[in-house]
Amino acid sequence: MEATLQQQARALGDPTRHRIFRYVVDADRPVDVAELTEHLGLHHNAIRQHLAKLVSAELVVEEGLPRTSPGRPRLGYTIAATADGRWDVIGPYERLSVMLTEVIRTGDSPIEVGRRSVRRRALGNTFVADPVAGVVDQMERYGFEPDVSERGGAVRIVLRHCPYASAALADPDTVCGLHLGIAYGLAETYGGITIDELRPKDPRKANCILRCHETTPV
């Protein structure tokens, strides 16, 4: 069940939790407990307790990161999709406006701008055991509500929601080009997956189809 605004407000009412939340927002990439401990100067157990409250309020999400040393698995924290557009977090249309401005300013294609927007996010977690899951997880964070199916190395991702539906109705070539560029950028970030095509649908009904296939690393 989605957390209510009141639950999120209560979670952010604690000054330390608010500082942690803002740090994760500004980082725009997975942040681990060690980084937060160093930044805030608090004990790691206190950081974990505050993060648990933020996760429970659906303000941040927890994900596994590759190990850099023996020991417990590393966990990273990023902003939850339900926080988009709330609590001074950039929402989908603000994100779209930044990309459209870049298209106009640079003259680059929407595909290239979408691809570049992913590189700027500095996801950091460039190696994942399952690159398809990595791409799908990030598509979820962008607000596409992806539904994935795999068969014999072929991957079909149905984007059940268009976060930019109104803009896509007005200019489908530009907005769908940005979508495709984002997919290219995610595939290039994680490796092991190649984007074949994006089949656009009526943005009011969504369900655009992203076709791709798994590749064997060289």
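The values are calculated or read from the model by the stated rules, or taken from the named source; none is laboratory data. Everything numeric in this text was worked out from a predicted model, so none of it was measured. Note: ideal-geometry Cβ built from the backbone for every residue, glycine included; neighbour counts use all protein chains shown. Accessible surface is based on the protein model in full, side chains and every heavy atom, while ligands, DNA and RNA are left aside. Shrake-Rupley method; radii C 1.70, N 1.55, O 1.52, S 1.80 Å.
Data table
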| item | result |
| --- | --- |
| Top-ranked residue of the range 8-43 - restricted to ones that are among the polar types (S, T, N, Q) and within 24 Å of the chain's Cα centre (by Cα), ranked as farthest from Gln138 (Cα to Cα) | Thr37 |
| Helices (runs of 4 or more DSSP H) contained in the range 1-59 and holding at least 3 residues touching a helix residue (DSSP H, G or I) at 6+ places or on another chain (Cβ under 9 Å), of a type outside the set (A, V, I, L, M) and open to solvent by less than 50 Å² (accessible area, probe 1.4 Å) | 15-27 |
| Failed condition for Arg74, given (1) closer than 30 Å to Ala57 by Cβ; (2) at pLDDT 85 or above | (2) |
| Yes/no for Arg199 being basic (Lys, Arg), more than 14 Å from Val136 (Cβ to Cβ) and modelled with pLDDT under 90 | no |
